[in-house]
1. Just one of ARG171, ARG129 is over 24 Å from ALA87 (Cα atoms) and of a type outside the set (A, V, I, L, M, F, W, C); which is it?
2. If I filter the stretch 208-224 down to residues being open to solvent by 10 Å² or more (accessible area, probe 1.4 Å) and within 16 Å of the ligand (Cβ to nearest atom), which single residue comes out as modelled with the highest pLDDT?
3. Across the stretch 35-71, what is the total count of residues that are more than 14 Å from LEU169 (Cα to Cα) and either modelled with pLDDT under 65 or among the charged types (D, E, K, R) (or both)?
4. Kindly list, by first and then second residue, each pair from a residue in the stretch 37-59 that is away from the ligand (no atom under 16 Å from the Cβ) to a residue that is open to solvent by 50 Å² or more (accessible area, probe 1.4 Å) and at pLDDT below 50, limited to pairs with Cβ atoms under 6 Å and residues at least 6 apart or on different chains.
5. Going residue by residue through the stretch 166-184, is there one that turns out to be modelled with pLDDT of 95 or more and farther than 23 Å from VAL58 by Cβ?
6. Residues of the stretch 179-198 being under 20 Å from ALA106 (Cβ atoms) and free of Cβ contacts under 8 Å to residues at least 40 places away in the same chain, which ones?
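The values are calculated or read from the model by the stated rules, or taken from the named source; none is laboratory data. This one's a predicted model, so the numbers in the text were calculated from it and none came from an experiment. When we count neighbours, we look across all protein chains shown, and the Cβ atoms used for this are built from the backbone with ideal geometry, even at glycine. Quick note on the areas: whole protein, heavy atoms, side chains included, nothing else; ligands and nucleic acids left out. Shrake-Rupley method; radii C 1.70, N 1.55, O 1.52, S 1.80 Å.
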Amino acid sequence: MSAPPAPSVPPVPPYGPYREDCPWCGSRRLRGRPRGDGPRQGAPHRSVLARCSDCRHVFHNPLLTPGPEHPAVRAGARLRHGLAARALIRHCPEPESWLDVGTGDADFPHTARTHFPYTSFDGLDPTRRVLRARAAERVEEAFVGRLTDPHIAARLRGRYDVVSLFQHLERVPDPRAELWAALRVLRPGGHLLVDAADPRRLLLGHPVGLSAELVARGCTVLTGSRAHRVIARKDASAP
Ligand SMILES: [Zn+2]
């Protein structure tokens, strides 16, 4: 018996517009610029990781339009997915429900599941790739959209023991709004996992403002301030 055909994924243009300012703090002191662009072509040929000199936020510039990664990149990512999952075990050994945001083909839940066999993983992604991931039984529920979409936010509010943002904040136009939205879908006492930069290319800490932002939103940050991976617990008193 053959499996039903996977939902097709329409082609998308490779890059969004180039940004002159930091999506986290608005500073225009950015390091790292895309090469090969020209006014006549209108769009750069490739995206690079840019870093804000003021707040250390790292982001893809121009923003990458969501799409499948190169197979070699995905192979490298599997190792990091395993490390991130194991880092969470110490703080949250038996979550019941987990939402992976920007999950794509659900590579992260697929790896994390080996460490959390009793956890129910859901996936959220702006593309229909997440439906394909559900068809492949990599996630139990699939949501197409963004955390900041009102209908998604309302439906998922306070629902998850763990929310993971794996190299996601550097891919969205408003990372702060995305972070707030992630905290709203977390239940009180739940854990947020943010993997904020790609150390295969750049060894960087997370944005200076990230920990402060999390504390201000009623979280306890459980990892060091210079770690590229941040684990925080949403306190019971958080809004
Ligand atoms: Zn900045």
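1. Working: ARG171 fails: over 24 Å from ALA87 (Cα atoms).
Testing whether each residue is over 24 Å from ALA87 (Cα atoms) and of a type outside the set (A, V, I, L, M, F, W, C) leaves just ARG129.
2. Filtering the stretch 208-224 for residues that are open to solvent by 10 Å² or more (accessible area, probe 1.4 Å) and within 16 Å of the ligand (Cβ to nearest atom), the one modelled with the highest pLDDT comes out as GLU213.
3. Counting residues in the stretch 35-71 that are more than 14 Å from LEU169 (Cα to Cα) and either modelled with pLDDT under 65 or among the charged types (D, E, K, R) (or both) gives 16.
4. Note: pairs meeting the criteria are PRO44/ASP37.
5. yes
6. ALA181, VAL194 - these are the residues of the stretch 179-198 that are under 20 Å from ALA106 (Cβ atoms) and free of Cβ contacts under 8 Å to residues at least 40 places away in the same chain.
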